[in-house]
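**Q** Dropping a structure here in structure tokens format, bear with me for questions.
Read-outs: derived from the displayed coordinates by stated rules, not from any lab. From a predicted model like this one, the values you see are computed outputs, not experimental measurements. In this analysis, Cβ positions are derived from the backbone assuming ideal geometry, glycine residues included, and neighbour counts consider all displayed protein chains.
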Amino acid sequence: MSRAFKRLLVRRVVSVRVPGENEVVGKVLEMLGDGRFRVICADGRIRIARLPGRLRKRLWLKAGDFIVIALWDFDPDKGDIIYKYEKRELKELEKQGFAEVIKALSRYV
């Protein structure tokens, strides 16, 4: 890629998905297998998160990735992974008021 094209990519306005109701930002600590991950959440709790089947071939995760988790109603210690943040999206998320959350989660892994 040329430098000019890279500058255009950087300047592009990024719309970031903000966690909604019953959703929380988290960071992947480790992979447990069978589409399950151990995740540290913004509220300080360690949860088991599941990658739904519709996302298994589309979303690849590793330890250290920031994600959005939809918590289960019947078991708040578990949830589904519904979104993965990219590096440039994290910067935009910090600007929208989640800087403390990202800084706190950055201590892990």
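**Q** In region 96-103, is there at least one residue being in a strand (DSSP E or B) and touching a residue at least 24 places away in the same chain (Cβ under 8 Å)? Before you say what the answer is, go through the steps one by one.
**A** If we filter region 96-103 for residues that are in a strand (DSSP E or B), which is where we start, we get none.
No, there is no match, as no residue in region 96-103 is in a strand (DSSP E or B) and touching a residue at least 24 places away in the same chain (Cβ under 8 Å).
**Q** In this structure, does Ala99 turn out to be small (Gly, Ala, Ser) and under 12 Å from the mean Cα position of the chain (by Cα)?
**A** Working: small (Gly, Ala, Ser): yes; under 12 Å from the mean Cα position of the chain (by Cα): no.
Spelling it out, it is not the case that Ala99 is small (Gly, Ala, Ser) and under 12 Å from the mean Cα position of the chain (by Cα).
**Q** Mind counting the residues in region 15-42 that are part of a loop (DSSP other than H, G, I, E, B) and surrounded by 13 or more Cβ atoms within 10 Å (Cβ to Cβ)?
**A** First, the residues of region 15-42 that are part of a loop (DSSP other than H, G, I, E, B): 15-22, 34-35, 42.
Retained after the next criterion (residues that are surrounded by 13 or more Cβ atoms within 10 Å (Cβ to Cβ)): 16-19, 35, 42.
Result for region 15-42: 6.
**Q** Still on this model: Considering each residue of region 48-93, count those that are of a type in the set (Lys, Arg), closer than 15 Å to Val28 by Cα, out of contact with any Lys or Arg (no Cβ under 8 Å at 6 or more places or on another chain) and not in a loop (DSSP other than H, G, I, E, B), and give that number. Quick ask: steps written out before the conclusion?
**A** Let us first name the residues in region 48-93 that are of a type in the set (Lys, Arg), namely 50, 54, 56-58, 62, 78, 84, 87-88, 91.
If we keep only those that are closer than 15 Å to Val28 by Cα too, we end up with 50, 62, 78, 84, 87.
Checking which are out of contact with any Lys or Arg (no Cβ under 8 Å at 6 or more places or on another chain) leaves us with 62, 84, 87.
Add one more test, that the residue is not in a loop (DSSP other than H, G, I, E, B), and what stays is 84, 87.
So the count comes out to 2.
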